[in-house]
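What follows is a short report on a single structure.
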Ligand SMILES: [Mg+2]
């Protein structure tokens with residue numbers, strides 16, 4: 001039985017609900033609904049014009065209704081009279097197939113029919129910039145190796161502490177915060193959870209970090225490469241699969257089976273885990289269109305060395321044990337880390353594409369290939385036969401377009417809408433006249 005939002009409002013002093021949904025580009029859209037009107041909205045949804053957002057719809061489409069997922073409601077820790085509630089998009093009684101949260105829900109249900117329940121933890125790195133977004137907010141944060149910088153941390157303690165306090169209030173299991181590898185960059189970690197819960201928390205975390213930063217006079221950005229020459233914003237995902245959702249989960253299906261001898265078993269991954277990883281490897285170039293969805297994304301994964309000495313981002317489809325220079329790291333038994341996604345990733349599509357690629361790998365018993373236990377930043381040129389990740393958004397979109405298996409696993413309607421909107425964005429980018437081309441072409 002779902003939470004009754006009207007009663008929830010009365011019990012908790014909530015005066016308004018933000019009924020929110022996420023579009024194809026990861027933008028969060030919301031209506032603010034007074035508690036007095038929530039009963040009808042909980043049943044029928046709040047009406048939106050899909051064309052006004054990044055969804056493949058026209059002005060002639062009927063109303064799209066965002067139906068709150070009441071059990072996922074979160075009271076804003078910074079304004080307790082308002083509660084945010086993520087919603088599922090419905091049109092004329094049917095789930096909107098291209099809506100990212102619906103894509104994820106469908107894949108979670110599909111995995112469940114196979115007895116698999118994906119749990120993930122994500123590391124949503126971000127920068128604190130000036131409000132204009134053109135420089136980092138702390139002019140004294142200039143060290144060549146700024147990672148874990150204790151003094152720079154103290155200068156932004158108010159922001160990080162406030163967000164951390166809110167995560168503690170929300171019971172997310174917040175456990176560490178640090179100044180990351182770029183000047184002005186931060187990472188805050190909370191416990192892993194079921195894929196849909198992690199996606200909702202990821203969305204809310206972005207909303208919260210941006211809101212708290214604004215309150216303090218800064219701008220939080222998850223842009224993949226907001227500052228040229230510095231390490232970019234990754235969104236690493238730690239993936240495991242269990243026998244049941246939530247607290248009913250008892251057995252980690254990815255943890256090594258007895259008597260296994262494969263390369264992955266050495267690292268503590270079961271056969272199912274190995275095939276799931278095989279699916280991620282097999283679809284890597286295509287799934288980059290989802291995990292690295294912007295023009296700017298490819299300035300992170302194909303970057304020259306940064307001022308800190310490493311990009312911390314992969315550029316090749318390789319995997320290894322506990323070594324951060326590869327696309328996939330298997331840091332310990334029963335899980336692996338996908339280091340490809342960046343801060344621009346759509347929280348719902350990130351989880352969806354992991355499940356889609358993993359299920360495909362299990363279905364086809366995909367071999368993840370040879371493990372490379374080398375420093376990819378120093379010795380990557382020695383690896384033979386490993387595909388390079390796409391060099392730009394167009395390459396990634398074309399790779400996605402060619403990958404019929406992944407396209408259909410993500411849903412034909414979703415894939416068509418996503419590709420249409422993203423190709424259009426690429427064309428828009430190509431029409432942009434840059435200083436670079438003038439500098440390099442004026443005197444030809
Ligand atoms: Mg990090």
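One table, with the values for the structure above:
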read-out	value
Residue ranges of helices (runs of 4 or more DSSP H) in the range 368-444 with at least 2 members under 16 Å from residue 287 (Cα atoms) and in the same structural domain as residue 266 (by TED's automatic domain parsing)	393-402, 404-410, 412-430
Pairs, first under 14 Å from residue 143 (Cβ atoms) in the range 162-184, second at pLDDT below 95 and within 14 Å of the ligand (Cβ to nearest atom), C-beta under 7 Å, six or more apart	181/308; 181/312; 182/308
Elements of type strands (runs of 3 or more DSSP E) in the range 37-130, at least 3 residues being within 16 Å of the ligand (Cβ to nearest atom) and in the same structural domain as residue 153 (by TED's automatic domain parsing)	117-124, 126-129
Residue check, residue 314 within 16 Å of the ligand (Cβ to nearest atom), in a strand (DSSP E or B) and under 23 Å from the mean Cα position of the chain (by Cα)	no
Subset of the range 210-228 (residues that are out of contact with any strand residue (DSSP E or B) (no Cβ under 6 Å at 6 or more places or on another chain), in a loop (DSSP other than H, G, I, E, B) and more than 16 Å from the ligand (Cβ to nearest atom))	216, 217, 228
In the range 177-209, the residues that are part of a strand (DSSP E or B) and more than 11 Å from the ligand (Cβ to nearest atom)	177, 193, 194
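Residue-wise test of (1) surrounded by 18 or more Cβ atoms within 10 Å (Cβ to Cβ); (2) out of contact with any strand residue (DSSP E or B) (no Cβ under 9 Å at 6 or more places or on another chain).
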residue: 323; (1), (2): no, no
residue: 345; (1), (2): yes, no
residue: 352; (1), (2): yes, yes
residue: 373; (1), (2): no, no
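The values are calculated or read from the model by the stated rules, or taken from the named source; none is laboratory data. On a predicted model such as this, the values are computed, not experimentally measured, just so you know. Backbone-built Cβ (ideal geometry, glycine too); neighbour counts: all protein chains shown.
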